[in-house]
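One structure is given below, encoded as structure tokens.
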Amino acid sequence: MLRIRDASVTFPASDGQDVHALDHVSLDIAPASIVVAVGASGCGKSTLLNAIAGFLPLSEGTITLDGQEIVAPGGDRGVVFQKDTLLPWANVLDNVALGLKYRGVSRGERHERSRRLLELVGLADFAEKPPYELSGGMRQRVGIARALATDPKILLMDEPFGALDSLTRETMQQLLASVWAKTGKQILFITHSIEEALTLGTTIVVMSPRPGRIVARFDADFVRDFAESGDIGPIQSHPRFIELRQEIRSLIHQPEGARRGTLQ
Ligand SMILES: Nc1ncnc2c1ncn2[C@@H]1O[C@H](COP(=O)(O)OP(=O)(O)OP(=O)(O)O)[C@@H](O)[C@H]1O
């Protein structure tokens with residue numbers, strides 16, 4: 001279980017007006033859940049993810065993973081960013097195996113594990129290819145396999161499909177739903193897209209900026225059907241999906257004053 005308690009992050013600004021990127025955020029991410037944070041630009045989504053990853057210290061509050069306080073990056077958290085961070089000179093297999101190499105896992109074992117993960121993300125035939133021969137969607141698949149290689153407790157995904165065209169994005173959403181169903185990983189997923197949030201989240205948290213806060217939470221279950229059927233059409237036309245989409249949209253577009261006190 002990942003527990004975030006009263007987490008605040010303040011960045012000092014050159015004009016003396018500190019930026020409250022996160023303001024007393026509390027959130028639990030339970031095993032096998034997908035928590036999706038959605039909100040307008042600047043509401044602190046990446047700050048939250050970076051703090052969980054251990055890239056950024058909190059100004060106040062705590063984050064613990066299975067009782068251990070997070071103070072630095074670690075192999076118990078796998079991270080995927082919008083822009084892939086693959087090494088151009090290493091082939092796909094070695095890119096996936098990178099984290100295992102740093103942890104001293106033998107060559108034979110890291111290659112075996114990495115091949116299994118490439119199979120999971122549908123890239124078994126591309127193990128020996130250099131990254132520049134892959135499409136954007138394929139590169140993100142490699143990124144997901146790499147993030148899973150150390151068998152992390154939680155996967156942290158910062159707009160991983162944000163730069164992909166809409167068809168590839170849908171395929172990647174399908175892939176993630178099926179990886180989640182097969183591995184049962186807990187996932188924190190960040191997006192600007194309300195549709196993506198509802199399609200993938202078991203919990204959706206809506207964030208607002210200045211200061212960065214969670215203003216509403218919703219439980220959803222569409223991802224289970226999606227993982228099973230792979231068909232996004234019936235899910236996105238479900239009356240409950242449409243209703244929640246409208247509710248979240250109006251929360252995100254509400255003026256700041258009117259938003260106060262909407263937490264559910
Ligand atoms: N290193 C930093 N120094 C100063 N201010 C920062 C820093 N990082 C983020 N901020 C500010 O903190 C606020 C939250 O930023 P953050 O990147 O977490 O938002 P976000 O919701 O992820 O935005 P986006 O959706 O555009 O990626 C913004 O006002 C941003 O300008």
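The values are calculated or read from the model by the stated rules, or taken from the named source; none is laboratory data. Model, not experiment: these values are computed from the prediction. Here the Cβ is made from the backbone with ideal geometry for all residues, glycine too, and neighbour counts use every protein chain on show. The protein model used for the area step is the full one, side chains on, heavy atoms only, and it has no ligands, DNA or RNA in it. Shrake-Rupley method; radii C 1.70, N 1.55, O 1.52, S 1.80 Å.
The figures follow:
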{"item": "Complete set of residues in the range 227-257 that are exposed (fewer than 15 other Cβ atoms within 10 Å of the Cβ) and under 22 Å from Thr168 (Cβ atoms)", "result": "Glu228, Ser229, Gly230, Asp231, Gly233, Pro234, Ser237"}
{"item": "Subset of the range 66-91 (residues that are part of a strand (DSSP E or B) and either farther than 18 Å from Gly136 by Cβ or in contact with a helix residue (DSSP H, G or I) (Cβ under 7 Å, 6 or more places away or on another chain) (or both))", "result": "Gln68, Glu69, Arg77, Gly78, Val79, Val80"}
{"item": "Residue that is in the same structural domain as Gln68 (by the TED database), in a strand (DSSP E or B) and over 14 Å from the mean Cα position of the chain (by Cα), where the choices are Asp6, Asp15", "result": "Asp6"}
{"item": "Members of the range 21-79 found to be within 11 Å of the ligand (Cβ to nearest atom), out of contact with any Ser or Thr (no Cβ under 7 Å at 6 or more places or on another chain) and not aliphatic (A, V, I, L, M), listed by number", "result": "Ser41, Gly42, Gly44, Lys45, Ser46, Thr47, Asn50, Phe55"}
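Here is a yes/no grid of residues against (1) farther than 28 Å from Leu134 by Cβ; (2) outside the structural domain of Ala124 (by the TED database); (3) open to solvent by 10 Å² or more (accessible area, probe 1.4 Å):
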site: Ile34; (1), (2), (3): no, yes, no
site: Ala40; (1), (2), (3): yes, yes, yes
site: Thr47; (1), (2), (3): yes, yes, yes
site: Ser59; (1), (2), (3): yes, yes, yes
site: Asp66; (1), (2), (3): yes, yes, yes
site: Phe81; (1), (2), (3): no, yes, yes
site: Ala97; (1), (2), (3): no, no, no
